[in-house]
Amino acid sequence: MRLLITGGAGFIGSNLLQQIFRQDPPEIVVNLDSLTYSGNLKNLSNLESHPNYQFKKVDLRNATDVSKVVNTYAIDHVMHLAAESHVDRSINSPEPFLETNIMGTFNLLEACRQNWKESTGPKRFLHVSTDEVYGSLGPSGLFTEKTPYQPNSPYAASKASSDLVVRSYGRTYGLPVLITHCSNNYGPFQFPEKLIPLVTLKALHGRPIPVYGRGDNIRDWIHVDDHVHALWQVLTEGIPGETYNIGGNQESSNLDLVKTICAILDVKHPSSRPITETNQVLPHESLIEFVADRPGHDFRYAIDNRKIHQTFHWEPTYNLSTGLEQTITWYLEQTDWWQDILDQRYDLKRLGIQD
Ligand code: NAD
Ligand code: TYD
């Protein structure tokens, strides 16, 4: 296998690469990433000198450069993860989402279509999408692979659009495409603008913890290790043209989740609990602040895992409480990783973690 991973320097991509290189890695694994604010090569420093690993700093929006990588490395398998990925950013500034997620995906599809025309041998194009394309659930029900698309944020709309273009390349040109829709991931290396690392770092710094609305929105959380394991199974065992939903079976309201993180920190890091003027020590959850809701905020996501379970016998191995303990321990131990982001790589005022 000659594998191209896009977005390998991001959260899920770097966990995927680490898992691939812990096992028997393919002949060549090329990581194509333009290193936006959320891409971080430090996540992969242990792989730099591995003979099977190559990093290419390429922007998916540059069709010529993308095609060159596919051609030069004679790529035959693709795992496409690179994207603009944060809903709040897509609300503030939708354009890069449309450019990277739609046109970037188109450029990658074209590169494969052109370069794979003349060559024989097995090929696969796995497009990593999200459950957010399905829109919002009420208090009951689950997203299946047949649920109609109803994206509500510019992020979700851009991912839904890219899914449709991918699908069309399968139907029209016979490209061996596969699409996955996963629920909310958490785990090591997640950029601290997403809920779980954001709450952890805000709490550690004694900053107000913003909970949108009343905190009653529900997400289905999956540990990133379980997600990347499923992605590998879909790439190697999936049927081209098929779509697979991937979920953690771990639903939680945002408020419950935030309170659980705070309770874990009370035990694991009691020194950051807030202290009042009268020297009273408060639990971390006293930092919770209810703030204005996100526009178009989807109420609930939840995944029906039956297809991927029945097809590959895949199932999530983490429950949310053990996964959260492990993840928060990682953030407590890897202070250099996030301090570097806070010091050098990001607009601190926007995150509101430090002055
Ligand atoms: P991330 O933001 O952590 O990483 C995205 C990576 O893509 C970064 O390394 C970034 O540098 C790279 N990138 C962005 N624009 C690029 C461009 N124009 N050219 C080349 N590289 C570019 O995101 P993530 O959370 O790791 O998500 C990865 C994929 O998984 C995305 O496609 C996302 O839609 C999907 N997904 C994420 C979740 C989740 O909960 N995080 C859930 C389901 C699906
Ligand atoms: P997020 O991590 O941004 O993922 P997504 O929007 O893709 O689900 O947010 C998870 C949930 O947490 C979502 O319902 C919005 C909510 N949220 C907050 O309440 N406060 C915050 O500061 C953030 C970033 C998210």
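Apart from one condition, Gly104 fits all of (1) part of a loop (DSSP other than H, G, I, E, B); (2) within 29 Å of Phe21 (Cβ to Cβ); the exception is (1). Which condition from (1) surrounded by fewer than 19 Cβ atoms within 10 Å (Cβ to Cβ); (2) more than 15 Å from ligand 2 (Cβ to nearest atom); (3) aliphatic (A, V, I, L, M) is the one that Met79 breaks? Going through the list (1) surrounded by fewer than 19 Cβ atoms within 10 Å (Cβ to Cβ); (2) more than 15 Å from ligand 2 (Cβ to nearest atom); (3) aliphatic (A, V, I, L, M), Met79 breaks only (1). Of all residues in segment 6-17, at least one satisfies being aliphatic (A, V, I, L, M) and within 16 Å of ligand 2 (Cβ to nearest atom).
Taking the criterion of being among the aromatic types (Phe, Trp, Tyr), farther than 22 Å from Lys307 by Cα and in contact with a helix residue (DSSP H, G or I) (Cβ under 6 Å, 6 or more places away or on another chain), the residues of segment 102-155 that qualify are Phe106, Tyr155.
Could you please find all residues in segment 145-186 being more than 10 Å from ligand 2 (Cβ to nearest atom), among the hydrophobic types (A, V, I, L, M, F, W, C), part of a helix (DSSP H, G or I) and within 29 Å of Ile341 (Cα to Cα)? If the condition is that a residue be more than 10 Å from ligand 2 (Cβ to nearest atom), among the hydrophobic types (A, V, I, L, M, F, W, C), part of a helix (DSSP H, G or I) and within 29 Å of Ile341 (Cα to Cα), then Ala157 is the only one that fits. For segment 135-183, the tally of residues that are under 27 Å from Ile91 (Cβ atoms) and among the charged types (D, E, K, R) stands at 3.
Taking the listed residues Pro139, Pro176, Pro192, the one that is touching a strand residue (DSSP E or B) at 6+ places or on another chain (Cβ under 8 Å) and more than 16 Å from Asp220 (Cα to Cα) is Pro176, with no other qualifying. Of the residues examined, Phe97 is not one that is hydrophobic (A, V, I, L, M, F, W, C), surrounded by fewer than 23 Cβ atoms within 10 Å (Cβ to Cβ), modelled with pLDDT of 95 or more and in a helix (DSSP H, G or I).
The values are calculated or read from the model by the stated rules, or taken from the named source; none is laboratory data. Keep in mind it's a predicted model, so treat the numbers as computed, not measured. Glycine gets a Cβ as well: all are built from the backbone with ideal geometry, and neighbour counts include every protein chain shown.
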